[in-house]
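Student: For reference, the structure I am asking about is given below.
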Amino acid sequence: MPSFAQFGNDLFTGRRQINFIGRRRTWYTLTGILLIVAAVGLFGRGLNFSLEFKGGSQVSVADVKNTANFDQRAHNAVQSAVGSSANLEVTKAGATTIDVQSKKLGNGTSADTDKVAQALAKQFGVKPSAVTTQFIGPSWGSSVTHKAIQALIVFLLLLAILLSVYFRTWAMAVAALVALAHDLFFTVGIYALTGIEISPATMIGFLTILGYSIYDTVVVFDKVRENTEEAVRSGNRTYAQAANYAVNQTLVRSINTSVVALLPITAIMVVGIFLLGPGTLLDLAVALFFGIAVGTYSSIFIATPLLVSLRHRESSIKELDRRAKAFQASQSSVLATAGGVRHTPGESASGVIEPERAKAAAAAMATRTRHREIHPLAKRDDD
Amino acid sequence: MATRARRSSGVGPRRILTILLLLLVAVYAGVAGASQWAHPKGKWTPQLGLDLEGGRQITLQPIVGKGQQVNAGQVDQAVDIIRNRVNGNGVSEAQVSTLNKSLIVVSLPGNPSQATLNALAQSSQLAFRAVIQTQQIPVPAPSASSSPTSSGSATPSSSSAPSSSSSAGATQSSTKSSSASPSSSPTSTASSTSSGANDVLPQAYRAATSASSSASASPSSSPSASSSASPSSSATPSPTASQPARQLPGARPQPTSASDTAWGNMPVDTIWVDNGMATAGETYTQLFDAFPCTQAQHAKGTPPVANWHEVAAQAPQDQPDVGCDATTKYFMGPAEITGKEVSGASWGQTTNQQGNLTNTIAVNLSLNGAGTSAFASVTQRLMQYSYQSDQNRFAITMDGSVISAPGTQSAITDGQAQITGNFTESSAKTLANQLKFGALPFSFKELTSDQVSPQVGTDQLQKGILAGLIGLALVVVYSLLQYRALGFVTVASLVVAGVLDYGLVVLLGTTAGFRLTMAGVTGLIVSIGITADSFIVYFERVRDEVRSGRPLRAAVETGWSRARRTIIISDLVNFLASAVLYVLSEDTVKAFAFTLGMSTVVDIVVVMMFTHPVLTLLARTKFFGGGHKWSGFDPDRLGARGVTYAGRGRVTIAERKAAAGAATAVEGGEA
């Protein structure tokens, strides 16, 4: 992929820069619209919780040779086993598995579920050992949900402390947590809009998204911190420019990471959909797939822009911006003297001058200000 | 010995690699050692969880009345008792553990019968209570026509076997399955009929034991919508009318013994009031009248029958209680002997007066000292009443239901009691076992019950591994495309991480009982992406350094010092997430969090001790250090060619290459 490598190089050297920070109002608007859509899904349609949360029974018959007319046959078997086949959902999962779900089989007891299992095994001509049954009492789901929410709150608290300590600024912790909340809300919104079932495995997926989303944001913020520290030292970039440069520099990494993380998850999804049928593996994979995609989006388009929005009123940041503007004004006059090369987008967005122009400018500067005591570009060498 | 030789010759990165090798050797030596000497012997494959291995897993929830609390000590005690019972049944490799502090998870390999499972969780609160009053349960008129479904299988009184009675119940319940929980609607009592196979285990047990021989119309199998002639609907008002004066405080004669009928005028215990079965101030006589033994006796507007029986099982020992067997309702005095006073239990056929074995099966109890003297005084007291009168009898109750209520002919002073209920061999054995291993602090109901077929489990595992391999292959292809030869470092690192992960899972399976579940496998697959990301962060950093003009050897070092910080903080965040999940969650989530956390640690180890040293070594080679086209560090591809303004004292690789190209025209000519 030479073009992709070239793209990475250009982002790094500043020949090409995407103005993430400058257009932050656009991203905020876009995100706002997406979140409203998610909220409409969440509060309008609601979430589709799986059997584990509602209580009920599920019987899966594997290795069925002849699946013809499976719906009717399953109904018959259930009817003969417990006397009624009302409220039955019969589905075919994968190629050879028949799933029978019901809010209540017979008396709603695990013994009746077992009876149904035996009847289904007989009906579909498989050994009793090929049947998997699941009986879930009605109060099970609430205890799972309760635990998950508790874990979520504790995790967020610990995370806020860890990030504040590590980055030594609360703004980064806040921006990271907002991005996190966005990821979670948006992913859950996708579930509400599409009506995909939420199982306990999906809940695990949601919790993992938190870790992943933060991980992604931390990597970007680490670069932001490095760049802004350098900017403060040299005074050649505003805070927004330094942050934008960081996002651009880590963009290739973000894309690579997301692709690498999504590849195994996509593999699970494909295997899950075509071979396994619904289960822990598929539910987790689907949740992570959405979560990682959304997490990558938020670390680029929300976390860093928000960080800049939060900090740009701070007096130290204002001071840095003032210095950087003065520096860039003087530099642009030098660049104008050097002439020849066209203006690059990186100059205004990230405050980076592409190497060829920088060299030309340096040469021009050298001739023009040979007698000056201090070279105006000298600070660039400090790193 | 080979490692020692390498160590002595190596420096820096080689030493680190050696330490990693020793670590790997140590893990696998542990696995090998466990497979040789550990008890039970370890294996070379991971211990599989139930969802992959197949078997039955049930989650049990303690049944506690309002205002009662379950404490951790009681739950631990219950776990121990259940474990003893499992082992007493000869089930190997069963696991009993707690969940969410109050739930108990029992995992059994294979496909154990429902009766076995029920017996495990049975509270087994044994009590000897003196009978004060009894009442025959009227045999309900058969009213099959009231069964609203088309299936005519619900013939009441057809059979007494618990299985068929539950199918009769099934027919009814399907009429309107409006509520799945028995407590939510008092009218939907169909779910809690007879069968006992409903959520409440003690009920199931009761049905299994008491119904086994009473072939006469087992009242429990009757449909709910039967006669209104059941006494419960009309009985309540009459006693109240006749005894208003006795309800005045102080006017009640205090009971003098456990058999005293004065108990009937005492106000009921708060547990009945709290559960909505009586109003405050009502007497036990009123409670006795209202208490429904069967669905037929159940009055509309009161809690479901099952709830009455649950509360009866939990009634305080020092208070009277109401209970039923198949034919009779009993009003009983406070418990005088409990399961604690039982020192041993066995079962066998009874002998008749001639000393010959009979067909009756009995459970024999040996009482300890306190129990013996208490039993002697009880039987002496009961002798005062005429033989076979109500007050001559004592009821042996198990979890609130009456197993048997023999009359007393003579005082028993040797502490040997014999229970002859309607036992079969297996139910007698079960009861004897339960008595021997002690009573659980409370009854449990089945919250979940999953049966996983071994076939399906294996299938899941195989396909999960397939998914993992496909994912791994995709990651490998992508890294080779992106990072050229450097991609092989990624692959090698992933292999090392995989080998370490596998070893740890096997070792923990043997030493700490860790079992790999589907969620755990998923955690491992997901970690492929996270592990690979560490390499990406590292490689991108090194490339950044090359782009800004550093020679590769220096770039590897400076890139590492910057990437290390990022990798550590991001792994720390990940580890924090999995640690929180691990501590706060249960069961499947825990397994997932565990493998994710473990692979995060492995990731740090591999990046620090494998990827970085290997890259350092590779940077010394001509292929990588010289920035070969396929090395992934080619400065030309990385755009370093243009970086001629590199600052003071910096010589870029491109410049050196150009110089070398000019001098020798061997390499870098095409640059």
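The values are calculated or read from the model by the stated rules, or taken from the named source; none is laboratory data. The model shown is predicted, which means the values in this text are computed figures rather than measured ones. Neighbour counts run over all protein chains shown; Cβ positions are idealised from the backbone, glycine included. Ligands, DNA and RNA are excluded from the accessible area calculation, which covers all protein heavy atoms including side chains. Shrake-Rupley method; radii C 1.70, N 1.55, O 1.52, S 1.80 Å.
Student: Report the Rg/Rh value for the range B:475-605, based on alpha-carbon coordinates and the Kirkwood definition of Rh.
Tutor: 1.04
Student: Between A:Thr67 and A:Trp170, what is the FRET efficiency for a Förster distance of 35 Å, r being their Cβ-Cβ separation, to the nearest 0.05? Write out the running numbers ahead of the final one.
Tutor: Numbers: r = 59 Å, r/R0 = 1.68.
Rounded to the nearest 0.05, the efficiency is 0.05.
Student: Quick one: give the max-minus-min coordinate of the C-alpha atoms of the range A:262-337 along each principal axis, largest first, in Å.
Tutor: The Cα atoms of the range A:262-337 stretch 65, 32, 11 Å along their principal axes.
Student: Continuing with this model, one more query. Using only alpha carbons, build the gyration tensor for chain A and give me the equivalent ellipsoid semi-axes, biggest first, whole Å.
Tutor: Numbers: eigenvalues 702, 87, 41 Å².
In descending order, the three semi-axes are 59, 21, 14 Å.
Student: To continue, here is another question. Please average, across the residues of B:440-451, the number of beta carbons from any other chain that are within 10 Å of each residue's own beta carbon, and give a whole number. List each step's numbers first, then the result.
Tutor: Details: counts 0, 0, 0, 0, 0, 2, 6, 9, 8, 11, 8, 13.
Mean partner-chain Cβ count within 10 Å for B:440-451: 5.
Student: What are the residues whose amide H is under 5 Å from the amide H of B:Lys445, where those residues sit 5 or more places off or on another chain and H is modelled from the backbone?
Tutor: When sequence neighbours closer than 5 places are left aside, the close amide H contacts are B:Gln61, B:Ile63.
Student: At q = 0.12, 0.14, 0.16, 0.17 Å⁻¹, work out log10 I(q)/I(0) for the range B:357-449 with the Debye formula, treating every Cα as an identical point scatterer and leaving solvent out; two decimals please.
Tutor: Taking Cα atoms of the range B:357-449 as identical point scatterers yields -0.45, -0.61, -0.78, -0.86.
Student: Counting just the Cα atoms, what span does the range A:21-87 cover along each of its three principal axes? Round to the nearest Å and put the largest first.
Tutor: Projected onto the principal axes, the Cα atoms of the range A:21-87 cover 67, 26, 18 Å.
Student: Can I ask one more? Using the Karplus curve 6.51 cos²θ - 1.76 cosθ + 1.60 with θ = phi - 60°, what ³J(HN,Hα) values do you get for each residue of the range A:82-88, in whole Hz, with x for Gly and Pro?
Tutor: Karplus values, whole Hz, x for Gly and Pro: 10, x, 8, 10, 6, 6, 9.
Student: Any chance you could get the radius of gyration and Dmax over the Cα atoms of the range A:1-156, in Å?
Tutor: Spelled out, the Cα radius of gyration and Dmax of the range A:1-156 are 25.1, 74 Å.
Student: Residue by residue through A:213-222, how many Cβ atoms from other chains fall within 10 Å of the Cβ on average?
Tutor: If you average over the peptide's residues, the count of other-chain Cβ atoms is 5.
Student: Just to verify a number: FRET efficiency for B:Ser389 and B:Thr458, C-beta to C-beta distance, R0 = 45 Å, to 0.05?
Tutor: Details: r = 63 Å, r/R0 = 1.41.
Given R0 = 45 Å and the Cβ-Cβ separation, E is 0.10.
Student: Follow-up. For the range B:304-422, compute the orientation-averaged projected area of the C-alpha convex hull (one quarter of its surface), in nm².
Tutor: Numbers: hull surface 31.6 nm².
Convex hull of Cα atoms, orientation-averaged projection: 7.9 nm².
Student: Follow-up question, since we're still on this one. Once Rh is set to the Kirkwood radius over Cα pairs, what Stokes-Einstein translational diffusion coefficient, in µm²/s, holds for the range A:274-313 at a temperature of 20 °C and a viscosity of 1.002 mPa s? Walk me through the intermediate numbers first.
Tutor: Numbers: Rh = 12.3 Å.
In µm²/s, the coefficient is 175.
Student: Under a crude label model (7 Å from the Cα following the beta-carbon direction), how far is B:Val64 from A:Leu193 in nanometres?
Tutor: Calculated label separation equals 4.4 nm.
Student: Moving to a separate point now. Quick one: Debye curve from the alpha-carbon atoms of the range A:93-233 only, equal weights, vacuum; give me log10 I(q)/I(0) at q = 0.09, 0.12, 0.14, 0.15 Å⁻¹ to two decimals.
Tutor: For the requested q values the scattering log ratios are -0.49, -0.70, -0.82, -0.88.
Student: Here is a follow-up. Taking just the alpha carbons, could you work out the radius of gyration and Dmax for the range A:231-307, both in angstroms?
Tutor: Every Cα atom of the range A:231-307 included, Rg and Dmax give 17.6, 58 Å.
Student: Where does each of B:Trp308, A:Trp170 land when they are ordered by accessible area, with a 1.4 Å probe and the largest first? Don't jump to the answer; show the numbers that get you there.
Tutor: On the way: B:Trp308 5, A:Trp170 150 Å².
Order by accessible area, largest first: A:Trp170, B:Trp308.
Student: Another question, then. If you project the alpha carbons of the range B:492-567 onto their three principal axes, what span does each projection cover, largest first, in Å?
Tutor: 52, 21, 20
Student: Could you order B:Phe535, B:Phe623, A:Phe186 so the one with the most accessible surface comes first? Probe is 1.4 Å.
Tutor: I get B:Phe623, A:Phe186, B:Phe535, largest accessible area first.
Student: So, one more: Can you run phi through the Karplus equation (6.51, -1.76, 1.60; θ = phi - 60°) for the range B:124-131 and list ³J(HN,Hα) in whole Hz, with x for Gly and Pro?
Tutor: Going residue by residue, I get 6, 7, 8, 8, 9, 10, 6, 7 Hz, with x marking Gly and Pro.
Student: Moving on to the next point. Write down the Å³ per residue value for the convex hull defined by the alpha carbon atoms of the range B:541-589. Before the final figure, lay out the partial values.
Tutor: Numbers: hull volume 3.6 nm³, N = 49.
In the range B:541-589, the Cα convex hull volume per residue is 74 Å³.
Student: Need one value for B:526-535: mean number of C-beta atoms belonging to other chains within 10 Å of its residues' C-beta atoms.
Tutor: On the way: counts 12, 2, 6, 12, 7, 2, 7, 11, 1, 3.
Other-chain Cβ atoms within 10 Å of each residue's Cβ, averaged: 6.
Student: What percent of all Cα-Cα pairs in the range A:144-303 falls in each 5 Å bin, counting up from 0?
Tutor: The calculated distribution, bin by bin, is 1, 9, 17, 19, 18, 14, 9, 6, 4, 2, 1, 0.
Student: Going by amide H atoms built from the backbone, whose H comes under 5 Å of the H on B:Ser404, apart from near neighbours?
Tutor: For B:Ser404, the qualifying residues are B:Ile396.
Student: How many times 2.2 N^0.38 Å is the alpha carbon radius of gyration of the range A:158-232? Walk me through the numbers on the way to the answer.
Tutor: Numbers: Rg = 15.0 Å, N = 75, 2.2 N^0.38 = 11.3 Å.
Computed over Cα atoms of the range A:158-232, the ratio equals 1.32.
Student: While we're looking at this one, here's another question. Could you give each residue of the range A:109-125 its phi-based ³J(HN,Hα) in whole Hz, using Karplus coefficients 6.51, -1.76, 1.60 with θ = phi - 60°, and x for Gly or Pro?
Tutor: Each residue's phi maps through the Karplus curve to give 10, 5, 5, 5, 4, 5, 5, 4, 4, 5, 5, 5, 4, 5, 4, 9, x Hz.
Student: How long are the three semi-axes of the equivalent ellipsoid of the range B:241-389, in whole Å, if each is the root of 5 times an eigenvalue of the C-alpha gyration tensor, listed from largest down?
Tutor: Numbers: eigenvalues 207, 82, 46 Å².
So the three semi-axes of the range B:241-389 are 32, 20, 15 Å.
Student: Which FRET efficiency value, to the nearest 0.05, do you get for A:Asn87 and A:Lys318 by plugging their Cβ-Cβ distance into 1/(1 + (r/R0)^6) with R0 = 56 Å?
Tutor: Here the calculated transfer efficiency is 0.30.
Student: Something else about it: With no solvent and one equal point scatterer placed on each C-alpha of the range A:67-123, evaluate the Debye formula and give log10 I(q)/I(0) for q = 0.20, 0.22, 0.27, 0.28 Å⁻¹, two decimals.
Tutor: After summing over all Cα pairs, the log10 values are -0.64, -0.78, -1.14, -1.22.
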